[in-house]
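What follows is a set of notes on a single structure, which appears directly below.
Coordinate-derived values only; no laboratory data. Model, not experiment: these values are computed from the prediction. Note: ideal-geometry Cβ built from the backbone for every residue, glycine included; neighbour counts use all protein chains shown.
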Amino acid sequence: MRRPLRHPPHVFLQVESMLVSWNWLREYVSLDVPVETLTQRLMMTGLNLESVAPANDDFAVDLEVTSNRPDCLGHIGVAREASVLFHRPLNIPAARPVEQGPAIASLTSVEIAAPDLCPQYQARLIRGVKIGPSPAWMQQRLTTLGLRPVNNVVDITNYVLLECGQPLHAFDFDKLRGRRIVVRRAAPGEKLFAIDQREYALAPEMCVIADAERPVAIAGVMGGLETEIGPATQNVLIEVAEFTPMSVRDTARRLNLHSDSSYRFERGVDRRNLDWASRRCAELILELAGGELCAGHVFAGVAPPPRGEPIVLRFAQIRRLLGIDISPNEAVRILESLGLHQVSAAVDGVCRFVPPSWRRDLTREIDLIEEIARVHGYELIPEDVLVPLEVGARTLRDRVTDRAQEVLLAAGFSEAITLSFVGEELHGLFRPWTAAPPLRVEHSSRQRENLLRQSLVPSLLAVRRQNERHGCFNARLFEQARVYLAADPGAPGSERLLLSFVSGLDFARMKGLAEAVADAVNHAARVTARPAALPGFAPGRGCELLLDGAPWGWLGEIDAEIARRLDLQESATVAEIDMEMLESRSVAAPSFQPLPQFPAVERDLNFILDETVVWHSLAETVHAAAGPLLESVTFDSQYRGPQIAPHKKSYLLRLQYRASDRTLTAEEVESAQQAVITACRTHLAATLR
């Protein structure tokens, strides 16, 4: 791990670019072009130029490296790109340190107790080093790149990191208790005084490098002060390891502690380059600090497996996608110069390649074609070249979304786009879909709003409140977005696409909107509601929405307590429905239904019912009893008052009958009516008013 500078404090911030020394770069690839020519060519192939700054007799070239190219976070990686672009050989040091001491296995050991956080760990031991200043050439290179030299051993670990992109760390071996290394999770209550001279409280989820008794480094992030290399150091243990990106990222963000090491581990290191980096560091220490390298190295963990199936490249696809001709020989030359291995000769215009270990971003045929295009030169593709295009068809989700939005826009609603993150208070206001804990994001930029929401309703209510504060009352809002229902992102059903809409309309009109949304997608879809006593809804003013009898969503008037907590001035009614369920019932092209040729017959029924009987139960009973002649049953009104007994209510409903092949007779309608009355009396204890 790189030893961070103590002055100035800003060096601990995460770096977003790669500083390259022009003179240092030319040690790996012979370039006889101006620095401007190199930077222009690199910029055209994906390494964007930020700046070029003179530094004594050198230049500091600031390159922006995208997250999929961690191989370019070292000088060798950038030199490899330059060697391909300018057809120059790449010269990488062999790194063959001379081993003279006893076998390292007799002096120390390494144990990995958390293999899921550290797949592999390697250590070398050099005895009898002499700590002192680095030579002028190394100090100048580090200074050019913004680092203050410390001492020869620490400078070498920084130098190798900047050379190949692999972080390393050097321990004072004599300060390791038990003379051993244990890679494990932090124990509850453990702390580490790091080399930035700050103490950090460690969480059990964090990976640490420990000796026999205590943590001595935060894995992949920063070393500890107690085992740092100092003037009295004589024996040095060189660490090189692979730590899982998610573990390092989580630790760095929770501690708000970032370094060049964590920046590289978060993006993934070359898993097959650990031994070279270790040998290179040992070689430079022997050269610049003296000492004796113990024989062999200590390795723990599992060596990375070879790459999987080769990537198939069809040469005909190059022209189809790029619109220009690049010969198969040139395509093969470019890929092999980038380090890919051709595993079979071209047969019928098809070839197979295995990417090198440092290019884990190459996984598909299109990746290889992109490599060919950028090295060949995007600027060589004519602007008027004809590239075959196909008109993209709108997906089922697009069509369903459009129809739902058309309904809401026509009703005077406006679409809102809100953040997926909410705070504790907002999250707890309304969450009917799950009782599972939310997915929490630990990051320095998300100290308060760090929960992935489990409902869209709280966000829309917050937007409605903002509208009120700006004098825009009774805002009608809707949003379609994903919610995250489980703390485990990989669990089935952990994500769900919802549509929510909020307004000051009453319950009946909002239910009508939900019905209109369903009708726009499928005319045969049937929306019903059953009472639901959900936290967040006013007592007796909430329901669960059913689509063709299956749970679909929620609808209700917001409780006054929630309105008070949000400082809402107006009452609000909310609805939230499952869009994926609506998609599964969508009808892309509704079948033609001829207009009725025969008249409908309407009849009214006014039932007195117990208060416990809801409209949904009454409607279901009517549909089941009326038979095939019933076309629809609709709610007209309800009554409670002195003319009926206490704890009773009356529902006035309208039934419409129709036959497709004839005019109904009075006897047919009356027979159906009597069947309905009998069923309601039997199943619901209803009486006619």
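Restriction of the GluC sites (Glu not before Pro) in the range 465-506 to DSSP coil positions whose beta-carbon has at most 11 other beta-carbons within 10 angstrom yields no sites.
For a straight C-alpha distance cut-off of 25 angstrom, the lysines reachable from Lys511 (same-chain residues fewer than eight places away being disregarded) are Lys648, Lys649.
Magnitude of the Cβ-charge dipole of the chain, K/R +1 and D/E -1, about the Cα centre, nearest 20 debye? Working shown, then result.
Values: 74 positive and 87 negative charges, 234 e Å.
Rounded to the nearest 20 debye, it is 1120 debye.
The charge dipole of the range 204-325, taken about the Cα centre with unit charges on the Cβ atoms of Lys, Arg (+1) and Asp, Glu (-1), comes to about 880 debye, rounded to the nearest 20. Taken one residue at a time, the phi angles of the range 233-238 give Karplus couplings (6.51, -1.76, 1.60, θ = phi - 60°) of 5, 10, 10, 10, 9, 9 Hz. Gly and Pro are set to x.
Run through the range 133-213 and list the trypsin sites (Lys or Arg not before Pro) located in a DSSP loop whose Cβ has at most 16 other Cβ atoms within 10 Å.
Numbers: sites: Arg141, Lys175, Arg177, Arg179, Arg180, Arg184, Arg185, Lys191, Arg198; in loops: Arg198.
Here the trypsin sites (Lys or Arg not before Pro) that fit, given the DSSP loop and packing criteria, are Arg198.
Look at the dipole of the range 50-94 built from charges on Cβ: of Ser67, Asn91, Val78, the Cα furthest out on the positive end belongs to Asn91.
The peptide list 164-173, 317-326, put in order of mean Cβ contacts within 10 Å with the highest first, becomes 164-173, 317-326.
Would you compute, from DSSP H runs of 4+ residues alone, the mean residue ellipticity of the chain at 222 nm, taking -39500 (n - 2.57) per run and dividing by the full residue count, rounded to the nearest 500? Walk me through the numbers before you get to the answer.
Working: 19 runs with 203 residues, N = 689.
For the chain, the value works out to -9000 deg cm²/dmol.
Starting from the Cα gyration tensor of the chain, take the square roots of the eigenvalues, sort them a ≥ b ≥ c, and report rounded, prolate or oblate (rounded when a/c is under 1.5, otherwise prolate if a/b is larger than b/c, else oblate). Here the chain falls in the prolate category.
Calculated over the range 601-688, the projected area of the Cα convex hull averaged across directions stands at 5.5 nm². In the range 608-687, what GluC sites (Glu not before Pro) fall in a loop by DSSP, with at most 10 other Cβ atoms inside 10 Å? The qualifying sites are Glu611. Here Lys191 is the anchor, and the lysines within straight C-alpha reach of less than 19 Å, apart from those fewer than 8 places off in the same chain, are Lys175. The charge dipole of the range 311-380, taken about its Cα centre with unit charges on the Cβ of Lys, Arg, Asp and Glu (plus for the first two, minus for the last two), comes to roughly 160 debye. Positive-end ranking of Leu513, Ser632, Ser571 along the dipole of the range 506-650, with charges on Cβ about the Cα centre, is headed by Ser632.
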